[in-house]
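The values are calculated or read from the model by the stated rules, or taken from the named source; none is laboratory data. The model shown is predicted, which means the values in this text are computed figures rather than measured ones. All Cβ positions, glycine included, derive from the backbone under ideal geometry; neighbour counts span all protein chains shown. Note: accessible area is taken over every heavy atom of the protein model, side chains too, but ligands, DNA and RNA are not part of it. Shrake-Rupley method; radii C 1.70, N 1.55, O 1.52, S 1.80 Å.
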Amino acid sequence: MTDLQEVAQGPVAHHEGCPFAGQFDLGGEPEAPAQEGGDGGDVAQVGSAGPVGSVGSVGSVGPVGTAGGDLLDGVAEWGPTDTPVGTFQLVPVRLERDLPLVTRWMNDPAVAAFWELAGAESVTEEHLRRQTDGDGRSVPCLGLLEGTPMSYWEIYRADLDQLARHYPARPHDTGVHLLIGGVAHRGHGLGSALLRTVADLVLDRRPACARVVAEPDLRNIPSVSAFLSGGFRFSAEVELPGKRAALMVRDRALRDLL
């Protein structure tokens with residue numbers, strides 16, 4: 001899979017090339033980039049940060065398994081965190097409780113255009129089950145803002161995902177996918193705020209992880225801008241199954257600068 005594809009509310013005009021190309025370097029210690037202004041809109045308009053392929057069908061990259069038996073350091077135990085937009089918490093999906101809601105979000109045309117999971121509950125269920133019944137390399141979650149489910153997230157081990165075949169992955173690189181489900185929560189700049197919050201949660205709760213990564217569609221300028229405003233830097237253009245993506249990175253070493 002990979003990352004925050006597009007939580008899009010609608011089509012984004014096509015553009016040739018990437019407006020951020022050449023600003024940042026993938027290798028070595030990253031240089032602090034000049035941040036583009038504005039919050040880039042909300043990741044729900046931005047398109048979704050949807051998957052590259054499907055979780056569970058991506059195949060493994062190298063051996064899996066850790067001494068602790070938890071590949072993502074207990075996402076369920078990360079707990080609530082205060083943000084500029086309210087108290088936010090990631091809660092792992094339970095199919096019996098959450099399938100109808102996630103299915104409804106996946107059938108929103110703005111989301112379906114990028115996640116490609118529209119259809120009956122069985123379509124969404126299959127996608128979720130690959131993760132909930134898998135080896136723990138990807139954890140699907142609801143994002144609760146002030147106790148209200150308003151977004152869907154996938155926190156996953158990018159170094160064990162097919163994405164790792166397309167960029168110089170490092171051990172414990174962690175990826176995120178996101179869609180903002182409720183229309184009422186779109187268009188208010190929540191995307192950038194929550195991207196920063198979740199990326200920093202990953203870095204705080206996963207001491208072995210030095211980078212959080214995502215790969216929105218290059219054509220989705222609002223999505224790329226939301227990542228930039230959320231503390232990510234543009235790293236490279238990558239060819240992924242079904243799209244040409246912007247590899248976005250939030251570095252532990254730069255988190256206080258971006």
*What pairs come up if the first residue lies in region 219-231 and is more than 14 Å from Leu179 (Cα to Cα), the second is outside any loop (DSSP other than H, G, I, E, B) and of a type in the set (Asp, Glu), and their beta carbons are under 8 Å apart, counting only those six or more places apart or on different chains?*
Gly231/Asp200
_Restricting to region 158-211, count the residues that are part of a loop (DSSP other than H, G, I, E, B) and not hydrophobic (A, V, I, L, M, F, W, C)._
16
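This table checks each residue for (1) basic (Lys, Arg); (2) touching a strand residue (DSSP E or B) at 6+ places or on another chain (Cβ under 6 Å); (3) open to solvent by 50 Å² or more (accessible area, probe 1.4 Å).
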position	(1), (2), (3)
Leu144	no, yes, no
Trp153	no, yes, no
Ala158	no, yes, no
Asp161	no, no, no
Ala164	no, no, no
Leu179	no, yes, no
Arg186	yes, yes, no
*Do you know which residues across region 232-258 are open to solvent by 10 Å² or more (accessible area, probe 1.4 Å), in a loop (DSSP other than H, G, I, E, B) and either under 17 Å from Val176 (Cβ atoms) or in contact (Cβ under 8 Å) with a residue 60 or more places away in the chain (or both)?*
Pro241, Gly242, Arg255, Leu257, Leu258
*Just wondering, is there one or more residues in region 102-110 that are at pLDDT below 95 and within 20 Å of Val224 (Cα to Cα)?*
yes
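Suppose we keep only residues that are in contact with a strand residue (DSSP E or B) (Cβ under 6 Å, 6 or more places away or on another chain) and at pLDDT 55 or above within region 50-77. Which one would you say is most open to solvent (accessible area, probe 1.4 Å)?
Filtering region 50-77 for residues in contact with a strand residue (DSSP E or B) (Cβ under 6 Å, 6 or more places away or on another chain) gives 50-52, 55, 71-72, 75-76.
Next, only the ones that are at pLDDT 55 or above stay: 50-51, 71-72, 75-76.
On the way: Gly50: 0, Pro51: 12, Leu71: 8, Leu72: 1, Val75: 6, Ala76: 59 Å².
Checking each candidate, the answer is Ala76.
So, in region 208-231, how many residues would count as being of a type in the set (S, T, N, Q) and buried (at least 24 other Cβ atoms within 10 Å of the Cβ)? Reasoning before the result, please.
Initially, region 208-231 is screened for residues of a type in the set (S, T, N, Q), giving 220, 223, 225, 229.
Within this subset, residues satisfying the condition of being buried (at least 24 other Cβ atoms within 10 Å of the Cβ) are 220, 223.
Counting residues in region 208-231 that are of a type in the set (S, T, N, Q) and buried (at least 24 other Cβ atoms within 10 Å of the Cβ) gives 2.
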